[in-house]
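I'd like to ask some things about the structure below.
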Amino acid sequence: MNNKLYVGNLSYDTTEQDLRELFGQSGNIRSVTIPNDRMTGQPRGFAFVEMETPAEALVAIKACNGKELGGREIKVNEARPPEARTGSFGGRDNRSGDRGGRSNRRF
C-alpha cells in the first residue's frame, strides 16, 4: 500500500482545509492536491491526499470512504500511478507526417 490516496466525487467548493480537517483525524498528512481544469481553472471534482505512512493511509480509507463532505458522498481509495499516454495529437494516428491539410500533389 502506498501513502497517496485518491479522493473522488468532491464538491467543486471543497477546499484544501476541508480535506485536511477530515483526513487529519486519521493521521498525519504530508500533502493535499486539488487539480484544476486547464481551460477553466475550476476544480475537477477530485483530489489527492498523501498521508505520512501506509498504515495511516489505510486508516483514512476506512474512516473517510463514503463520508459526506460538502453535501456529497466521497470515494476514497489508494491512488494509482497515471497511465502512459499513447497516440498522437488530434486523436488520429498520423505516422505519415501529413498535417491533415490539403495536398498540393496532383495524381
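Given the Cα-Cα distance of residue 42 and residue 85 and 0.36 nm per residue of separation, how much length would full extension add, in nm? Don't skip to the end; give the middle numbers.
Numbers: separation 43, 0.36 × 43 = 15.48 nm, distance 2.35 nm.
Extra length available between residue 42 and residue 85 comes to 13.1 nm.
Also: Can you tell me the dipole magnitude for region 4-80 around its Cα centre, using point charges on the Cβ only (Lys, Arg +1; Asp, Glu -1), in Debye to the nearest 20? Working shown, then result.
Details: 10 positive and 11 negative charges, 50 e Å.
Its charge dipole is roughly 240 debye.
Okay, next question. Order the peptides 77-85, 43-51, 63-71, 25-33 from the highest to the lowest mean number of other Cβ atoms within 10 Å of their residues.
Values: 77-85: 8.9, 43-51: 18.8, 63-71: 13.2, 25-33: 15.3.
My ranking of the peptides, most packed first, is 43-51, 25-33, 63-71, 77-85.
Which whole number in µm²/s is D for region 4-80 by Stokes-Einstein, with the Kirkwood Rh taken over Cα pairs at 10 °C and 1.306 mPa s?
Working: Rh = 12.2 Å.
In µm²/s, the coefficient rounds to 130.
Read-outs: derived from the displayed coordinates by stated rules, not from any lab. Computed from a predicted model, the values in this text were never measured in an experiment. So basically every Cβ, Gly included, is an ideal-geometry build from the backbone, and we count neighbours across all protein chains shown.
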